[in-house]
Amino acid sequence: MTMLLDLITGYWWDARDLSNMTRPLYEFLRDQGVSDAGIFVISALLGTLAIISFVGAVAIINIWVERRVVGRMQSRLGPNRLGPFGLLQPIADAIKLMQKEVLQPASAPGWIYTVAPIAFTVPGIAILAVIPWGRNMVLANLDVGLLYILGLSSLAVLSVFMAGYSSNNKYSLFGAMRVIAMLVSYEIPIVAGLLGIVLFAGSMNLQEIVLFQEEHWAFMIMLQPLAFLIYFFSISAELNRTPADIAEAESEIVGGYHTEYSGMKFGLFYAAELINAVAVSAIIATLFLGGWWTYKLDEFIPGWMLLIGKIYGVYFIFVWTRGTLPRFRIDQLLAFAWKWLTPMALINVIVVAAEVLLWNETGWSDWFWIPAIIAINTALCVGLIVFFVKVFAPKFQRFPTRPRFYPGIDVPSLPAVTPPDFARKGGPA
Amino acid sequence: MPHPKTVTLSGEAVAARLRASQPEAVRSATEQYVVLEPAGMYEAMLFLRDDAELDGKFLIQLCSVDLHTRMDMVYHFASLAQNHMFQVKVPCDHEKPVVQSIAPLWAGAWLQEREVYDLMGVMFEGHPSLTRLFLWDSFPGHPLRKDFMSLPGGLKPGLSQFPKQKEGQTGQEFRPQRPGTGL
Amino acid sequence: MPVKAAPVEVNIGPQHPSTHGVFRMVAKIDGERIVDVNMIVGYLHRSMEKLAEERTFTQNIPFTDRMDYLAAMSGNLGYCLSVEKLAGVEVPERAMYLRVIFAELQRVASHCMATGAFINDCGAWQTPVMWCFRDRERVLDLFEMTCGARLTTNYMRIGGVAFDIPDEFLPALDKLINDELPKAFEEYEELIVGNEIIMMRARDVGVVTPEVAINASLSGPLLRSAGIAWDLRKADPYCGYDRFKFDIPVGYNGDAYDRMVIRIEEMKQSLRIIRQAVADLPDGAHKTDIPLALRPPAGEAYSRVESPKGELGFYVVSDGGPAPYRWHVRAPSLINLSVLREMTIGQTISDAIVTLGSIDINVGELDR
Amino acid sequence: MIEDNGIVIAFWILSATTIACALMTAAVRELVQAVLFLALTFVGAAGIYICLSADFVAVAQILIYAGAVSVLMTFAVMLTPAADRHNSETIFQAPALVLSGLLLAVIVFVVLDTDWAISDAGAFQTTAASLGEAFLKPYVVPFEVASVLLMVAMIGAIVLTRELEEDDDA
């Protein structure tokens, strides 16, 4: 076993870390007399190409995954005609969308309308650039990777606003306004929730965060269960997925910001939604689930495969919530951000800061601190949620969920009322 | 105590009760229904609604019938608490049908009166917004009236004989069909 | 310095995912709040009341299918009862029981549809609607088995029902009402009744008080949600409903949530009625022979049934001819909308959609 | 060689974009479009920060200015009641022109007057950590004063926009 490992370690065919492949490339280019800067440019382009092709593949596959999984949840089959298990359905969809005529509202500001779907697609792709796929396998090892992710995800919301505003449609404008209101509210719990991770890892570099988890032999979700819940809910609000898909709320405002889009422009929105979901899943997998590192498992299975597995695990939860949950109303959603998630995230940050301080000052070993922190933070998570539910949960007038039953008719003799005032002034204006 | 099964109050009983307070309101009464004077119908309806015995708080439905010479507004009232119902009719002119609106008394009459106006052309005095309900505003005429689109050749609206019925047949020759037997 | 904006007019419908057909609400909105609602109906108006005056009494039965196409059996039943009352036709015992069975099955199917669509209006992404469709399809399979049609059944006849049930019907019905549907209702209860999001969305939304409910002639689950135990099957029993034991579920608050819960409970009560009806199903003819050329005596009759939407009444006037002289339908879908304005003003646009979904209108019946 | 050239090319592209977008911000008649151009300007400035290897400042620029501030501005524009959403002719045009001309003159003067010496301190390894140290050690008082100022501004905004009568939505 070890011999086999030694045999492949570090050579270009060692698929556990695809960055090994760059070494023969580097040597080949150096022999050809290309300067270091040229090699840098070429490898950066190759890495970008890899990310973009991954994104393309993901967009195609996820259409099938989402429709198929949701179909199963809805006790129907999902696409199953085209190709084996309907796998070619996304391609047929794409061809159909490309052939369709792109209609544009006549009075819409044209350039915003056109730019919006493109601007919506870019952040999802760009976020994937800083995700570490293996020990050396990261395209852009930014020191401020976490901030970069946050900044880009807020840009995506701006493009949603552009789409809604430029469509010159009331439903779209509603979607745009809702997106803006939601962004203003949910940015705070997202940032405050992720602060705990930064405090633990002592860095905003995603690779450093993964290495922290490896060093201390614990997934961040164990250390930060509350932050995980907060981030998961907040980001599903930013992603416009149920239970927070108020920006495109099909049953209320038809399609929200993309009501007026057709053809491949709509297709871009559709694909970008899936790409963003995968990008967010990748962030969650990296920050909370150990990224490419998984308890020695990454020595046998390539880390990037583990990461993709984790990404799809998280993505499945996104699809699951979408297939299951109804939608909040916008005021409830905003109240949830301000009254529940923000205080919870701030309390979490304070507790984490105290823990990190004690950890550094006492100098006791990890074998004491990691289980202690896991215990404290799990208790904090459960305790806070129970406390908030007990204290702040909405109180309804009366709360029976069962109707009364009468074996016969029972009508109290009610006083006569004059009809409400509306009837007097009613009718079309 | 409500009746176990809905009792249909006879028109005479309702008329007697109504005459006790408003002698002028009732024009005539039969076993099935009461006919009210159109002039004082609003007050009569108010009495029907608020009277403890009649207790017609629930307006089941209202509609109109075109009788060629006059229009009849037909109202069905019920008391849910006592579980009885009764029927009231208000006649009005055929050419210029106008009755008083009861929408200020029952919220449920609001849409139904608009429907009657739309399809029958009955005008309701005091209705908050008497506009067409189903048809568009410029629709010519009121389609449920019997004289809507007078038919040529002396034909009358309605069905005068059964389909496929020929001269000399009474219509009784047609028997119910039995599926699968060819009969 | 309060922020005030000029109200915006938004058309909800006639082409909108949540208006349950071609129904149109013109809402004046201040931000997300509704200031004023005006409803515009008639997109599906086919003037059935006029058409019926040119057709014989029997030929009018298919019209009643196409009114409330989600509850065709109830429409058939109500119309046939009114003509029978007018013409004095007696109905055999077996036909009465079959009518009860099919009307209650239809209630289950219609309430399934209403519940699923309502949760969909609350924002669930098609899943409840699909689940409810699954159970509705099982009921429609039985309709197809009996009368060959699934949606527009045209099953009831003046004097009975069109066909007797086939041999394989009762085992299939037994499987449905004792095994499949109770399991499905348990699923609904687990998923829907205790769901906090649905409670937040539907509690205290679209509230009607009992006084207003009676004043506005509301009926069906809308009236019962306001706390009034009024069900025509109890209050004015037709088709021998007084022989069956069942309870009227009644809500507390008169809000959208209560209506949904009442519908789920009513489906269970319907199964109870069907079980009793199947147990007592007598033998005999399924139909009285009446002349096809039915000429009821001159007169008028009003008869009403408890359709899934509410009180479905038929007012028939005959002049002794082969066709009704006048035929008026008391459509619960239309009359239940009387207080839509009052229910929605002051709510958000999302709540208006939920309110409309909880009223459970059917545009085919609304516009006729 | 190529490093230097690359930086120069990137600088010129970014500068051109930033200035063009800034000009468009002033030139476009529709306020929402102006805000969108402003967001692009912020993004261009962030690119220039990256050229200066100030990655923390660059990302913070995108997060706060392009992401949050421009969104807030759109929010404010959309909420403006009954206001004309287009830049119309006003009497303030002439003073604004004079003021911006003066500002330009000051900036040009400062640019020409400054002795642009190149620091030999070298780049920071991690700018984020250095910035954090700077905020919490030498500049802690200005930092806290700024946060207090923001707090006051927020409370003032809440007080100003609060309706006096009890609002029905909690």
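All of the numbers you see were taken from the coordinates with simple rules; none came from a lab. This is a predicted model, so every value here is computed, not measured. Counting neighbours? That spans all protein chains shown, and the Cβs are built from the backbone with ideal geometry, glycine included.
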| Calculated FRET efficiency for the pair A:MET305/D:ALA10, C-beta based, R₀ 41 Å, to 0.05 | 0.70
| query | Taking each full run of DSSP H in chain A as one helix, which ones are at least 18 Å long along their axis (Cα atoms) and have mean Kyte-Doolittle hydropathy of at least 0.5? | reply | A:36-73, A:110-127, A:145-166, A:170-201, A:225-238, A:263-288, A:303-324, A:342-362, A:366-392
| Selection from A:LEU46, B:LEU130, A:VAL391, by position along the positive dipole direction of the protein assembly as shown (Cβ) | B:LEU130
| task | Averaging over all projection directions, find the projected area of the Cα convex hull of the stretch A:199-281 and quote it in nm² with one decimal place. | result | 6.9 nm²
| Helix C:127-147 versus the longest principal axis of chain C: what is the Cα-based angle in degrees, 0 to 90, to the nearest 10? | 10 degrees
| query | Put a dot 7 Å past each Cα toward the Cβ at B:HIS3 and A:LEU88; how far apart are the dots in nm? | reply | 7.1 nm
| Cα convex hull of the stretch D:1-86 - mean projected area over all directions, nm² | 5.4 nm²
| message | Every cysteine in the protein assembly as shown with no other Cys Cβ under 4.7 Å from its Cβ, please list them in numeric order. | response | A:CYS381, B:CYS63, B:CYS92, C:CYS80, C:CYS122, C:CYS147, C:CYS239, D:CYS21, D:CYS51
| For q = 0.06, 0.08, 0.09, 0.13 Å⁻¹, what log10 I(q)/I(0) does chain C give under the Debye formula with an equal point scatterer on each alpha carbon and no solvent? | -0.22, -0.39, -0.50, -1.02
| task | Go ahead and estimate [θ] at 222 nm for the protein assembly as shown from helices alone: -39,500 (n - 2.57) per DSSP H run with n ≥ 4, summed, over the residue count, rounded to 500. | result | -16500 deg cm²/dmol
| query | Taking a quarter of the surface of the Cα convex hull of the stretch D:28-69, what do you get in nm²? | reply | 2.6 nm²
| query | Using bins 5 angstrom wide from zero, how does P(r) for the stretch C:128-184 break down, in % of all Cα pairs? | reply | 4, 18, 24, 22, 18, 9, 4, 1
| request: Select from C:VAL26, B:VAL90, A:GLN207 the residue farthest towards the positive end of the dipole of the protein assembly as shown; place +1 on Cβ of Lys and Arg, -1 on Cβ of Asp and Glu, and compute about the Cα centre. | output: B:VAL90
| For the protein assembly as shown, what is the Kirkwood estimate of the hydrodynamic radius, computed as the reciprocal of the mean inverse distance between distinct Cα atoms, to one decimal in Å? | 34.3 Å
| remark: In chain A, lysine pairs 8 or more places apart or on different chains with C-alpha atoms under 17 Å apart total 5
| For the stretch C:189-197, Karplus couplings with θ = phi - 60° (6.51, -1.76, 1.60), whole Hz, Gly/Pro x | 4, 4, 7, 9, 5, x, 6, 5, 5
| task | Under 13 Å from a label point 7 Å along Cα→Cβ of A:PHE387: give me every residue in the stretch A:185-205 with its amide N that close. | result | none
| note | Distribution output for the stretch C:27-141: share of Cα-Cα pairs per 5 Å bin in percent, first bin at 0, values 2, 10, 13, 15, 15, 15, 12, 9, 6, 3, 1, 0
| query | Helix C:256-279 versus the longest principal axis of chain C: what is the Cα-based angle in degrees, 0 to 90, to the nearest 10? | reply | 20 degrees
| query | What are the ³J(HN,Hα) values, in whole Hz, obtained from phi via the Karplus relation 6.51 cos²θ - 1.76 cosθ + 1.60 with θ = phi - 60°, for each residue of the stretch C:209-214 in sequence order, with x given for Gly and Pro? | reply | 8, x, 4, 5, 4, 6
| query | Around C:GLU9, which amide H atoms from residues at least 5 apart in sequence, or from another chain, sit under 5 Å from its own amide H, with H modelled in the peptide plane? | reply | C:ILE29
| What is the set of long-range amide H partners of C:ARG157 at a cut-off below 5 Å, with H atoms built 1.01 Å from backbone N? | C:ALA162
| query | How big is the C-alpha Rg of chain A next to the rule-of-thumb value 2.2 N^0.38 Å, as a ratio? | reply | 1.16
